[in-house]
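Chemist: Handing you this structure, nothing more for now.
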Amino acid sequence: MVAFYGTDLCSRLMLGTSQYPSPKALEAAFVRSGAGVATVSLRREAAGDGTGQGFWQLIRDLGVPVLPNTAGCHSVKEAVTTAHMAREMFGTDWIKLEVVGHADTLQPDPFGLVEAAGILCADGFKVFPYTTEDGILAGRLLEAGCEVLMPWGAPIGTGLGLNNIYGLRTLRAQFPDVPMVIDAGLGVPSQAAQAMEMGFDAVLLNTAVAKAGDPAKMAEAFARALEAGRLAYEADPMEPRDMAHPSTPVLGLAVLS
Amino acid sequence: MTVDATILGAGIAGLATAFELTSRVASVQIIDPAGPPGPHGCSWWAGGMLAPHCEGEVTEEVIVRLGRGAAAWWARAGVPLSYRGSLVVTLARDRRELDRFARRTTAHRLVNAEEIAALEPDLAGRHDRALFFETEAHLSPRVALATLCEALLAKGVTIQPEARHLGRVIDCRGLHARDSLPDLRGVRGEMAVLRCPEVTLSRPVRLLHPRHPLYIVPRGDGVFMLGATQLEGDNRGPVTLRSTVELLNAAFALHPAFGEAEVIELGADARPAFPDNIPRITLTPERMHINGLFRHGFLMSPAMAVMAADYLLAGTTPELIA
């Protein structure tokens, strides 16, 4: 069981809800993967003026906790306003905070992120900041009141996997007790398994599932990879070594020098 | 004259159904409080691509299969069509999108720079490869709507704001039918119309882009329709600045000469869709509903009309039925 801000989740898979071929395909992906959280974008998926009620109802009907996000927000003010709208619309104080720093790379704006996180935490939000693997920035976000971190694997929608293994490993080691979700950039399940093996607590995906030829099948593939990766982490894997090490005793041969 | 059926709604679903029924000697009347087709209905804002194979990227086999018959139906209805195929391109940095699109669609062939130049001289030198869907067609939705209306009027079909329901009631009211079809939802689409005599294209061109996919449909005389965004929700309000920027930017990326185009129209509306984005016929004791045409109004209304007529006149069970 994994918990964020005191809420237990039934799965370590957080699944986005945009870009699916149809709402039915979206629902099938959730059912087949047993994803534990549904993320929704207020700005990008639907007009945030109450006219998207049909779609919102569908998200609520998935029966998993909803994590609204501020995707598409380029400034602190926009992100804070969107967070407030999301709280009202979904009745949750969870918010995945995205402050886009660059329109093309969608890289987070670290300065705006810390500022917005401070404002929202002070206002009672439970903030999930979408951040880089930078440890200093992570520290500032925790100081601002965040109790969860969402470092990127790679830029949003790229499918490149864990781009900076060293940086992510360092971040994990630097804050061993902070729940961390690898958010964005994953393309295939092996990358999600790798994140789990490294001790991350959950993974958030959207494009890799929604844009797959068969979204429901891919969602299940990710769910299984997460389970495999987490089991491996808990099983305490062996250390890699350079010299071959026979797994059966070798008798009657000269000992290697 | 006796009336066999009353069709509610003079959008593309209603008109196509009326046309199909009357061409089989059934007599119909149409009721629409907003009158004949116009900017009040989402059919007005459609792209008019009859591109079942391209749509196969994100839709199910039934749309591809039934959509293949659309062009022949429109031709029978006397609507002018262009049989020039569709061209699918990417910007250089997204070229792998073309491989994905090719894997998930059928009836295309990969064309090289030379062939692209031969197909669309104005795109010469801009792309080194593209997918050509030779069998696809396109039409101008507003011309098609007017043609159907004229043909129906000539057959004595009336389009009235209100009238007594006579005969079988066929409900083609789109999103207005949510009162009886609760799983119907709105999907907003936004479009732009440009005038750009400097660019000539003879077929719809789709620009694959991970964030801002675009299609551009030539309407002749240097006029182009640009579409379309796809946003969950039934907001029918004016186009947003963000969508405008995205649409126009994508056009500019397709060809810099679009930078000099005049923006002659910006439009938005919400399209009716069921959760699987596939249209269907719903039978209730009082009515037959034809709805949920989503972004496939001109592609799928012929098949839906034929299905409805087959059921009403011959008792054939519709393939797409709730």
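Chemist: Rounded to the nearest whole Å³, what is the per residue volume of the convex hull around the Cα atoms of chain A?
Modeler: Numbers: hull volume 36.9 nm³, N = 257.
Dividing the Cα hull volume of chain A by its residues yields 144 Å³.
Chemist: Expressed as a whole percentage, what fraction of the accessible surface of the stretch B:143-236 belongs to carbon and sulfur atoms when a 1.4 Å probe is rolled over the protein heavy atoms?
Modeler: On the way: 2090 of 3950 Å².
Carbon-and-sulfur percentage of accessible area, whole number: 53.
Chemist: Along each of the three principal axes of the Cα atoms of the stretch B:1-67, give the extent in whole Å, ordering the values from largest to smallest.
Modeler: 46, 29, 14
Chemist: Once all Cα-Cα distances of the stretch B:35-146 are split into 5 Å bins that start at 0, what whole-number percent is in each one?
Modeler: The calculated distribution, bin by bin, is 2, 11, 18, 19, 19, 14, 10, 5, 1, 0.
Chemist: Average partner chain C-beta neighbours within 10 Å, per residue of B:226-233?
Modeler: For this peptide, the per-residue mean of nearby foreign Cβ atoms is 5.
Chemist: If you scale each eigenvalue of the Cα gyration tensor by 5 and take the root, what three semi-axes come out for the protein assembly as shown, rounded to whole angstrom and sorted largest first? If you can, show how the numbers build up before the last one.
Modeler: Working: eigenvalues 463, 143, 118 Å².
Sorted largest first and rounded, they come to 48, 27, 24 Å.
Chemist: With viscosity set to 0.692 mPa s at 37 °C, what whole-number translational diffusion coefficient in µm²/s follows for the stretch B:244-304 from Stokes-Einstein and a Kirkwood radius over Cα pairs?
Modeler: The diffusion coefficient I find is 224 µm²/s.
Chemist: How would the stretch B:220-259 be classified by its alpha-carbon gyration tensor: rounded, prolate or oblate, with rounded meaning a/c under 1.5 and the a/b versus b/c comparison settling the rest?
Modeler: Numbers: a/c = 2.70, a/b = 1.82, b/c = 1.49.
Prolate.
Chemist: Looking at chain B, identify the longest residue range that excludes and avoids all GluC sites (Glu not before Pro) in DSSP loops having at most 12 other Cβ atoms within 10 Å.
Modeler: B:1-161
Chemist: A follow-up question, please. Using a 10 Å cut-off around each Cβ of peptide B:274-285, what is the average number of partner chain Cβ atoms that fall inside?
Modeler: 2
Chemist: Kirkwood Rh, the stretch B:185-282, all Cα pairs: how many Å? Numbers along the way, then the final one.
Modeler: On the way: mean 1/r = 0.0707 Å⁻¹.
Its Kirkwood hydrodynamic radius stands at 14.1 Å.
Chemist: Before we go on, tell me the buried accessible area for the A/B pair, both chains summed, 1.4 Å probe, in Å² to the nearest 100. Write down the numbers at each step before the final one.
Modeler: Working: alone 12510 and 14050 Å², together 25030 Å².
That pair hides around 1500 Å² of surface in total.
Chemist: Let me ask something else about it. For B:V169, what residues show an amide H to amide H distance below 5 Å, using hydrogens built from the backbone and excluding near sequence neighbours?
Modeler: Amide H to amide H, under 5 Å and 5 or more residues apart or across chains, B:V169 pairs with B:T6, B:M288.
Chemist: Between 0 and 90 degrees, rounded to the nearest ten: what's the tilt of helix B:241-254 against the longest Cα principal axis of chain B?
Modeler: 50 degrees
Chemist: Next question, about the same structure. Compute the relative contact order of the stretch A:64-178 as a whole-number percentage, counting only Cα pairs closer than 8 Å that sit 6 or more residues apart in sequence.
Modeler: Values: 194 pairs, mean separation 22.9, N = 115.
Once normalised by length, the contact order is 20 percent.
Chemist: Two decimals, Cα atoms only, Kirkwood Rh: what is Rg/Rh over the stretch B:68-134? Walk me through the numbers before you get to the answer.
Modeler: Numbers: Rg = 14.1 Å, Rh = 13.3 Å.
That ratio is 1.06, to two decimals.
Chemist: Can you list which of the chymotrypsin sites (Phe, Trp or Tyr not before Pro) found in the stretch B:50-100 are DSSP loop residues with at most 13 other C-beta atoms within 10 Å?
Modeler: On the way: sites: B:W73, B:W74, B:Y83; in loops: B:Y83.
Hits after loop and neighbour filter: B:Y83.
Chemist: Now, a different point. In a Gaussian network model over chain B where Cα atoms closer than 10 Å are linked, find which of B:C196, B:C172, B:C149 has the largest mean-square fluctuation.
Modeler: Of B:C196, B:C172, B:C149, the most mobile in the Gaussian network model is B:C196.
Chemist: I would also like to ask the following. Express the accessible area of chain A per residue in Å², computed with a 1.4 Å probe while the remaining protein chains stay in the model. It would help to have the intermediate numbers written out before the result.
Modeler: Numbers: 11770 Å² over 257 residues.
Per-residue value: 46 Å².
Chemist: Averaged over every viewing direction, what's the projected area of the C-alpha convex hull for the stretch A:1-122? Give it in nm², one decimal, please. Walk me through the intermediate numbers first.
Modeler: Details: hull surface 31.6 nm².
Reported value for the Cα convex hull: 7.9 nm².
Chemist: A follow-up question, please. State, as an integer percentage, the relative contact order of chain A based on alpha-carbon contacts under 8 Å between residues 6 or more apart. Write down the numbers at each step before the final one.
Modeler: Working: 487 pairs, mean separation 47.5, N = 257.
It comes to 18 percent, rounded to a whole number.
Chemist: Cα convex hull of chain B: how many Å³ per residue?
Modeler: About 124 Å³ per residue, rounded to a whole number.
Chemist: Mind listing, in residue-number order, the residues in the stretch B:90-105 that have at least 40 Å² less accessible area with every protein chain present than in their own chain alone (1.4 Å probe)?
Modeler: When all protein chains are present, B:R104 each give up 40 Å² or more of accessible surface.
Chemist: Over chain B, what is the relative contact order in whole percent, taking alpha-carbon pairs under 8 Å and six or more residues apart? Don't skip to the answer; put the middle values down first.
Modeler: Working: 705 pairs, mean separation 77.4, N = 322.
Across chain B, relative contact order equals 24 percent.
Chemist: Given a 10 angstrom Cα cut-off, can you work out which residue in B:R76, B:R129, B:R271 is the most mobile in a GNM of chain B?
Modeler: Per the Cα network of chain B with a 10 Å cutoff, B:R76 tops the list.
Chemist: What average count of beta carbons from other chains do you get within 10 Å of the Cβ of residues in A:17-24?
Modeler: Values: counts 1, 1, 4, 2, 6, 11, 9, 7.
Per residue, the number of nearby Cβ atoms from other chains is 5 on average.
Chemist: Provide the convex hull volume over Cα atoms per residue for the stretch A:75-181, in Å³.
Modeler: On the way: hull volume 10.5 nm³, N = 107.
It comes to 98 Å³ per residue, whole-number rounded.
Chemist: Restricting the calculation to Cα positions, tell me the Rg (one decimal) and the Dmax (whole number) of the stretch A:196-251 in Å.
Modeler: 16.9, 55
Chemist: Give me log10 I(q)/I(0) at q = 0.10, 0.19, 0.24 Å⁻¹ for the stretch B:94-183, Debye formula, one equal scatterer per alpha-carbon, no solvent.
Modeler: Taking Cα atoms of the stretch B:94-183 as identical point scatterers yields -0.60, -0.97, -1.27.
Chemist: Once Rh for the stretch B:160-236 is found with the Kirkwood sum over Cα pairs, what is the Stokes-Einstein diffusion coefficient at 37 °C and 0.692 mPa s, in µm²/s? Numbers along the way, then the final one.
Modeler: Working: Rh = 15.9 Å.
Rounded to a whole number, D works out at 207 µm²/s.
Chemist: Principal axis lengths of the stretch B:90-248 from Cα atoms, whole Å, largest first?
Modeler: In descending order, the Cα extents are 60, 36, 32 Å.
Chemist: Still on this structure, I have one more. Among all the lysines, which ones have a C-alpha under 28 Å from A:K217's C-alpha, if same-chain residues fewer than 8 places away are not counted?
Modeler: Candidates past the 8-residue exclusion: A:K24, A:K96.
Chemist: Computed FRET efficiency, Cβ-Cβ of B:A163 and B:L241, R0 35 Å: what is it to the nearest 0.05?
Modeler: Plugging the Cβ-Cβ distance into 1/(1 + (r/R0)^6) gives 0.25.
The values are calculated or read from the model by the stated rules, or taken from the named source; none is laboratory data. Note that the coordinates shown come from a computational prediction; the quantities given were computed from them, not determined experimentally. No Cβ is skipped: glycine too gets one built from the backbone with ideal geometry, and neighbour counts run over all protein chains shown. Ligands, DNA and RNA are stripped out before the accessible areas are found, and what is left, the full protein with its side chains, is counted by its heavy atoms. Shrake-Rupley method; radii C 1.70, N 1.55, O 1.52, S 1.80 Å.
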